[in-house]
Amino acid sequence: ARVAVALHPAPSPEPGVAPGAWVDPSATVHASAWIGSGAVVMAGAHIGAQSRIEPTAFVGRNGHVGAECLIHPGAKLLDRCILDDRSILQSGAVIGSDGFGYAPDEHGVRHKIPQVGIVHIESDCEIGANSTIDRATFGVTKIGAGTKVDNLVQIAHNVELGEHCVLVSQSGIAGSTRIGDRVIIGAQAGIIGHVEIGDGAMLGAR
């Protein structure tokens, strides 16, 4: 890993806002950050030092991007969600989509429950392509520092993931589940809601 990094350093475009990007006047963009063409940064958002927002990426209202983050093309950090320092969103990742919450009435008609919480991704995380992390109904959906999420993973509302976990492709975690530190979840493993998984647990594929 160290040799590969040395031989293939990450590109470092000149800081600034590229032509064709749209940054709301109330957003705060550090002078050393870069916003690519077609990217959108909404009102009240914060983009930290040396972060890169690639073309067509999106940062929602009052979203927070820390220092040295990378948001790849087409990834979305939705309103009020937080991406801490040195974290990466791969293309197509959606952070802060609505949790899957509906309440049936006496006729069996389901009514949407407003999802008003946020997602907080802590430092040194990576979220894979087309993975989704739902905002909390209330409170916070949390991804602990150093956690790595593969492509096509679903993390539901109010999940709390510990530090340095690994979630492999097509795994899914239902709402309000708590997962400890250094947990490994294999491909296509499914976890029901409202359970707790301790530190260091390993779930095999499926």
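How large is log10 I(q)/I(0) at q = 0.17, 0.20 Å⁻¹ when the Debye formula is applied to the Cα atoms of segment 121-206, each weighted equally and without solvent?
-0.56, -0.80
Heavy-atom accessible area per residue, segment 26-94, 1.4 Å probe: how many Å²?
Solvent-accessible surface per residue comes out at 35 Å².
What FRET efficiency, computed as 1/(1 + (r/R0)^6) with R0 = 22 Å and r the Cβ-Cβ distance, is obtained for residue 31 and residue 7, rounded to the nearest 0.05?
E between residue 31 and residue 7, to the nearest 0.05, is 0.15.
With the crude spin-label approximation of a point 7 Å out along Cα→Cβ, what separation in nm comes out for residue 196 versus residue 184?
For the pair residue 196/residue 184, the computed spacing is 2.5 nm.
Take the alpha carbon atoms of segment 64-125, find their center, do the same for segment 1-48, and report the distance between the two centers in whole angstrom.
Centre-to-centre distance over Cα atoms comes out at 20 Å.
Taking the alpha-carbon set of segment 1-123, what are its Rg and Dmax in Å?
Radius of gyration, then largest Cα-Cα span, for segment 1-123: 16.9, 63 Å.
Go through segment 76-92 residue by residue and turn each phi into a ³J(HN,Hα) via Karplus (6.51, -1.76, 1.60, θ = phi - 60°); whole Hz please, and just put x for glycine and proline.
Taking θ as phi minus 60°, the curve returns 9, 10, 7, 3, 6, 7, 10, 10, 7, 3, 6, 8, 10, 10, 7, 4, x Hz for segment 76-92.
So how exposed is residue 184, as accessible area in Å² (1.4 Å probe, rounded to 10)?
So the heavy atoms of residue 184 present about 70 Å² to solvent.
Quick one: Debye curve from the alpha-carbon atoms of the chain only, equal weights, vacuum; give me log10 I(q)/I(0) at q = 0.08 Å⁻¹ to two decimals.
-0.28
Ordering 123, 131 by accessible area with a probe of 1.4 Å, largest first, what comes out?
Largest accessible area first, the residues go 123, 131.
Stokes-Einstein diffusion coefficient for segment 149-197 at 4 °C in a medium of 1.567 mPa s, Rh from the Kirkwood formula over Cα pairs: what value in µm²/s?
125
Could you tell me the largest-minus-smallest coordinate of the C-alpha atoms of segment 1-72 on each of the three principal axes, in descending order and whole angstroms?
Cα extents, longest axis first: 41, 22, 18 Å.
Per-residue HN-Hα couplings for segment 33-43, Karplus 6.51 cos²θ - 1.76 cosθ + 1.60 at θ = phi - 60°, whole Hz, x for Gly and Pro?
7, 10, 10, x, 4, x, 6, 10, 10, 8, 4
At a 10 angstrom cut-off on C-beta neighbours, averaged per residue, how do the peptides 190-201, 138-149 rank from highest to lowest?
Order by mean packing, descending: 138-149, 190-201.
If all Cα-Cα distances of segment 71-113 are sorted into 5 Å bins from 0 onward, what percent lands in each bin, rounded to whole numbers?
Result returned by the calculation: 6, 19, 18, 17, 10, 9, 10, 7, 4, 1.
The values are calculated or read from the model by the stated rules, or taken from the named source; none is laboratory data. Only a predicted model underlies this, so the values are computations on that prediction, with no experimental measurement involved. Using ideal geometry, Cβ is built from the backbone for each residue, glycine included, and neighbour counts are taken over all protein chains shown. Side chains included, ligands, DNA and RNA excluded: accessible areas come from the protein's heavy atoms. Shrake-Rupley method; radii C 1.70, N 1.55, O 1.52, S 1.80 Å.
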